[in-house]
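What follows draws every value from the coordinates through simple rules; no lab data is involved. It should be emphasised that the depicted structure is a prediction, and the values quoted were computed from it without experimental measurement. Counting neighbours? That spans all protein chains shown, and the Cβs are built from the backbone with ideal geometry, glycine included.
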Amino acid sequence: MASRRRWLVAVGTAAVAALVSGCGRQSGPTFTATDITGADFARQFQLTDHDGKPRSLEDFRGQVVVVFFGFVHCPDVCPTSLAKLASAMKVLGDDSGRVQVLLITVDPERDTAAVMKPYVTHFHPRFLGLTGSVDDIGRTTKEFRVIAQKQAGATPDSYTVDHSSSMYVFDGQGRIRLFVNGTLAAETIASDIRTLLANG
């Protein structure tokens, strides 16, 4: 199961990387992550945060937003990625107050707001979990070109969901800017975020 999950993560990451590689890079700052400024996807979502508040991308204008897709019962990719993002926030220091990390669930059947809140805030108090109906999440994963595939478990409630470990980063104007491979180090992610903050 673990090897299959790693394979799907790799395939999903490669597929999105191939899709974004055609995005025309505009003149401007240089990043370690893949610059996808001007991409025609990952433009919007309409979901509910872990406090029950309706949320869209516009709510976070003025902040750099990091979007990661995952789920609470994830055994490996999600806790590793969220811990890495928490480390990046620590590296950012005072600048972390201008950054919002969002975990969008790929498991809306189990990940209610009440379930997501203690999970995401365990990693960092500023992190927000976003959920919605199965249709809401389906529209969002399609918009973000995220691959998520449910894998049956020993019981109906013990399934897992294979998904990529990549992230999307938006600038303070709500524009998609970076595709972050899940293998990048926390310090590298923090450096790219600082570059975005410094360039408005």
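In sequence order, segment 88-100 has phi-based couplings of 4, 4, 5, 4, 5, x, 4, 5, 5, x, 9, 10, 10 Hz under the Karplus curve 6.51 cos²θ - 1.76 cosθ + 1.60, θ = phi - 60°, and Gly or Pro positions carry x. Counting only Cβ charges, +1 for Lys and Arg and -1 for Asp and Glu, the dipole size of segment 61-139 around its Cα centre is about 280 debye. Selection among SER166, HIS73, PHE144 by position relative to the dipole of the chain gives SER166 as farthest towards the positive end (Cβ unit charges, Cα centre). Rounded to the nearest whole Hz, the Karplus-based 3J(HN,Hα) values (6.51 cos²θ - 1.76 cosθ + 1.60, θ = phi - 60°) of segment 175-192 follow the sequence 8, 5, 10, 10, 10, 9, 5, x, 8, 5, 6, 4, 5, 5, 4, 4, 4, 5, with x at glycine and proline. Our estimate of slack between ARG139 and ASP59, defined as 0.36 nm per intervening residue step minus the Cα-Cα distance, is 26.9 nm.
Is segment 33-109 rounded, prolate or oblate when judged by the Cα gyration tensor, a ≥ b ≥ c being the square roots of its eigenvalues, rounded requiring a/c under 1.5 and prolate requiring a/b larger than b/c? Rounded shape, in that the Cα axes give a/c under 1.5. For the chain, a crude dipole built from +1 on the beta carbon of Lys and Arg and -1 on the beta carbon of Asp and Glu, taken about the Cα centre, is about 260 debye to the nearest 20.
Straight-line reach from LYS53: taking Cα to Cα under 20 Å and skipping same-chain neighbours fewer than 8 places apart, the aspartates and glutamates in range are ASP107, GLU109, ASP111, ASP135, ASP136.
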